[in-house]
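What follows is calculated from the coordinates using simple rules that are stated; it is not laboratory data. Small disclaimer: the values here were computed from a predicted structure and weren't measured. Here the Cβ is made from the backbone with ideal geometry for all residues, glycine too, and neighbour counts use every protein chain on show.
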Number of protein chains: 2
Amino acid sequence: MTSQTSPVPSSPEGAAVVRPSASYSITMRVRLPQRPGAFGQVATAIGATGGILGAIDLVRVEKGLKWRDITVSCYDAAHGERVVEAVRAIDGVEVESVLDRTFAMHQGGKIEVTASVPVKTPEDLAMAYTPGVARICLAINQDRERAWSLTIKGHTVAVVSDGTAVLGLGDIGAEAAMPVMEGKALLFKEFAGVDAFPLCVATTDVDEIVAFVKAAAPAFGGINLEDIAAPRCFDIERRLRAELDIPVFHDDQHGTAIVTLAALLNALRVVGKRIQDVKIVVAGAGAAGMACTDIVLAQGARRVIVCDLGGALYRGRPDLDPARAALAERTNPEDERGGADALLAGADVFLGLSGPRAISAAAVRTMARDAIVFAMANPTPEVMPEEVQDDVAIIATGRSDYPNQINNVLAFPGVFRGALDVRATTVNEEMKLAAAQAIAAVIGEDELDAEYIVPSAFNRAVAPAVARRVAEAAVASGVARRAGAEPVEATRAQSALTRLAT
Amino acid sequence: MTSQTSPVPSSPEGAAVVRPSASYSITMRVRLPQRPGAFGQVATAIGATGGILGAIDLVRVEKGLKWRDITVSCYDAAHGERVVEAVRAIDGVEVESVLDRTFAMHQGGKIEVTASVPVKTPEDLAMAYTPGVARICLAINQDRERAWSLTIKGHTVAVVSDGTAVLGLGDIGAEAAMPVMEGKALLFKEFAGVDAFPLCVATTDVDEIVAFVKAAAPAFGGINLEDIAAPRCFDIERRLRAELDIPVFHDDQHGTAIVTLAALLNALRVVGKRIQDVKIVVAGAGAAGMACTDIVLAQGARRVIVCDLGGALYRGRPDLDPARAALAERTNPEDERGGADALLAGADVFLGLSGPRAISAAAVRTMARDAIVFAMANPTPEVMPEEVQDDVAIIATGRSDYPNQINNVLAFPGVFRGALDVRATTVNEEMKLAAAQAIAAVIGEDELDAEYIVPSAFNRAVAPAVARRVAEAAVASGVARRAGAEPVEATRAQSALTRLAT
């Protein structure tokens, strides 16, 4: 076992921040003497290292010995090694093998391409492949729109990344980005029945990525751009949106913005404020910060101040690139100046899309009554919830181990499902607002609470609700190719009793 | 019901060529009076049109009426209409709906992207996605070769086409090519457990296709080029083979060549001739003709004459493009001249990779004793088997309704499975020859017969045999990244008892 460079702090000292997690869990096959208390010793040894005992299976019993598979959640790989050493140190106990569960789960990748029709007989082959398939090809050749129903296009999305801004890891390359994109494909399928295929491209050139996606488009009903570094991501998305007739959606921007707005709408309901009236400070003027700013403006916010490492964005600030200069034009109406901490004075809402510990707890205490703090930097938030929980009304993070996790998985599956259902040509502002409102509405008035402003990532009601509202918004805003949301399954069943050929 | 332009002759007059087929089958829901002989009338009416009755299901019985689903194989769509009309004309019988089974089968396309790991709990999510996935990304970032085991790369192939030479249909465009490429993906999975994803590109520019495939390569362990028109296909394949470190295989060339050689090896066994001694006439100097020529040369053939519409290719023929000029250099040792018919005089083998009725039956009768004729043009062969079956020893076609079908599905699934199993960097001549020999060897000496020189497309022994021999050939020729063929499943299982992280 070698140590992994870890994207999270690697010692139990960070326990207030990082807890033992399934992502660093191991399964040891342990051989124990069949004497009373043997397992107790193992459990005690594990507990002493800070490891959390999970599943314990009995594998076999033989000649006074017992073999058990013991799963332990750890802080990190080094902690896993300490757990194994601690168990090995027990007299009469052997650790025969150790499985890193996360690595084991990724063996062979996480997705498959499977048949949705049978090919078991020559008759199947004659219909699915030659000669029958020629009839389908000709039908599409005569009317290209039929690709939506006669190929996978109507339910399939490309997840495209160049691997330059993956998680918190930065530019790690196309191959190394694949596990994330495969994970995304998993989530598309699991939550919304959307088939997604990961395409991690071996280029970081804007023109080449644009050309690549345009060339790939015929097979797909939508393009999910992912983990592409700013500012290239803006250019790529803008050009593809202009040139393609299918939705192009950079999830790091718009997925984050949708879920942030959903959470903000509910947070404002909890504290009884209106978005038109509040002062919102956005920390971070990257891809996510810009998209969050735009969506709160679209929802009616008026007093939004964005800041980057150089402080507030304001009209005429000399060091701004064109994207930030444009953002300064449509924000900061009172021309405020200063860094994030200074801007927080009197603010109602903080949206953190920047980096670890970007604001101080002291500054948070200068915010208005019933302050709302979304500290979404991962894994270390802009301010630790523990430090400010008594000073603010609501706190949300990007993490699953605090309440109110702002998690993109609440948005992208339903957004694409809705867009595909009506064969939308784009994902526009109306659809994004509809998605945010749909997520917010999943939590009823009676359930709403300072610690429950966004649904769980596993709430199965979210994606269908988002899909429905997104589809309606697409139709209402004139970007749908067809009026009704009609899932593939329904189409497939109905076709069994329609008419011959076309 | 509207008529489809048909790639096959569209009247029963063509019955000697085209038979009623599942690819033109319909299922009618028919309401019959519950009187003796009612179904007999329907069956008779269908038979009178030339339709072939298939499955008959009883759907419901009610108030003296019966509803049946009746499946009929037809010649073409127009024939389907005549069948429906004939049944409708029967007194008291109603056709309530008609389903075109081929179109129904293609509704929503033919493949899905599914999860190969569970994402049902927060623990699953923490391992398959954030935060756990970051550990996998970093491992690949540190050692790019680990993408073979930690992503889908090790078992996944891209099926890439520009839609310019699809089946016999020509340049029908990327969208219209998708049904064929999806079908290919089906076959990859069904016969060899290879995950294949179809990418039909919206460009026919050689540079753009090369750039596209190079950009797409990180996700894939191999590239199957498909239905790209000559001569661009040569250029694209040559450049990609030079620039990528994964197999690039144009199936129209090499898949056809492998199966042709397999059939030829067995045909020569049947007639007791050696490939070194025979005169082989190849009709067609396109992609498939060139590849077939090269593989028979690689297998030891010496006297091969290729002809195109301008007659035999010979050194110095003035109208040859560079590819054909080079082909002329390595063939036609006796500098023969003339068209296909003339060249057949005294020939032992005819390999037809050209077009319908390209040679005459009379010319076939001038071939040597125990002639072998492979008339592989589809759907209409170079010469109809009926016309020459008494004059030659062996005849093979590309069609499933005659014995000895030369079908690429015998090659490509096993070729890629074998290449992936050893993580080959390319598919070289040694691997192609091994594949052909493996296919040929599936038919034992005792089974071998003039009408059984190639295994059935559904023979499950073929792909594993091909994969094994291809993997061995890759290792022996030094293009394998690892020595043993180790299927993904085995890797996955073994990893359950290995070691932590690495």
*asked:* Need the C-alpha centroid separation for the range A:239-290 versus the range B:21-69, integer Å.
replied: 59
*Relative contact order of the range A:281-402, pairs being alpha-carbon contacts under 8 Å that are 6 or more residues apart, as %*: 22
*Residue by residue, what Karplus-based ³J(HN,Hα) values in Hz, rounded to whole numbers, does the range B:166-179 have, using 6.51, -1.76 and 1.60 with θ = phi - 60° and x for Gly and Pro?*
8, 6, x, 8, x, 8, 10, x, 5, 4, 6, 7, 3, x
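Expressed as a whole percent, how much of the Cα-Cα distance distribution for the protein assembly as shown exceeds 55 Å?
Within the protein assembly as shown, distances greater than 55 Å cover 25 percent of Cα pairs.
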*Given the C-alpha centroids of the range B:367-444 and the range A:298-363, what is the distance between them in whole angstrom?*
69
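Whole number please: convex hull volume per residue, Cα atoms of the range A:225-315, in Å³.
Working: hull volume 10.3 nm³, N = 91.
It is 114 Å³ per residue.
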*Longest to shortest principal axis, alpha-carbon extents of the range B:96-176, angstrom*: 54, 37, 16
*Cα-based convex hull volume of chain A per residue, rounded to whole Å³*: 190
*Let me have the relative contact order for the range B:354-439, percent, based on Cα pairs under 8 Å that are six or more residues apart.*
22
*Shielding score for A:21-32, defined as the mean number of other chain Cβ atoms within 10 Å*: 4
_Going 7 Å from Cα along the Cα-Cβ axis for the label, what nanometre distances separate residue A:300 from the same residue across the other copies?_
8.5
*Find the percent of Cα-Cα distances in the range A:146-185 that exceed 13 Å, and round it to a whole number.*
56
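Under the definition of partner shielding as Cβ atoms of other protein chains within 10 Å of a residue Cβ, what is the mean value for peptide A:394-405?
Numbers: counts 0, 0, 0, 0, 1, 2, 5, 3, 0, 0, 0, 0.
For this peptide, the per-residue mean of nearby foreign Cβ atoms is 1.
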*Using only the alpha carbon atoms of the range B:360-440, find the Kirkwood hydrodynamic radius as the inverse mean reciprocal pair distance, in angstroms to one decimal.*
14.6
*How many nanometers, to one decimal and shortest first, lie between the label point of residue A:445 and those of its other copies, if labels sit 7 Å from Cα toward Cβ?*
8.9
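So what is the 222 nm mean residue ellipticity for chain A from helices alone, if each DSSP H run of at least 4 adds -39500 (n - 2.57) and you divide by all residues, rounding to the nearest 500 deg cm²/dmol? Don't skip to the end; give the middle numbers.
Values: 19 runs with 192 residues, N = 502.
Helices in chain A give a 222 nm mean residue ellipticity of -11500 deg cm²/dmol.
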*List the distances, in nm and shortest first, from the label point of residue A:55 to the matching label points in every other copy, placing each point 7 Å from Cα along the Cα-to-Cβ direction.*
3.8
_In range of the label at residue A:67: residues from the range A:22-43 whose backbone nitrogen is under 12 Å from the point 7 Å along Cα→Cβ_ = A:29-32
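Only Cα pairs under 8 Å and at least 6 apart count here; give the relative contact order of chain A as a rounded whole percent. Could you put the intermediate results ahead of the total?
Details: 974 pairs, mean separation 53.3, N = 502.
Relative contact order, chain A: 11 percent.
What does the highest-first list of A:347-354, A:435-442 look like by mean Cβ count within 10 Å? Intermediate values should be presented prior to the final figure.
Numbers: A:347-354: 26.5, A:435-442: 23.9.
Per-residue mean Cβ counts within 10 Å order the peptides as A:347-354, A:435-442.
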*In nm, what is the difference between 0.36 nm times the number of residues separating residue A:446 and residue A:360 and their Cα-Cα distance?*
27.6 nm
*Could you grab the Rg to Rh ratio for the range A:125-240? Cα atoms only, Kirkwood for Rh.*
1.06
*asked:* Give me Rg/Rg_expected for the range A:278-364, where Rg uses Cα atoms only and Rg_expected = 2.2 N^0.38 Å with N residues.
replied: 0.96
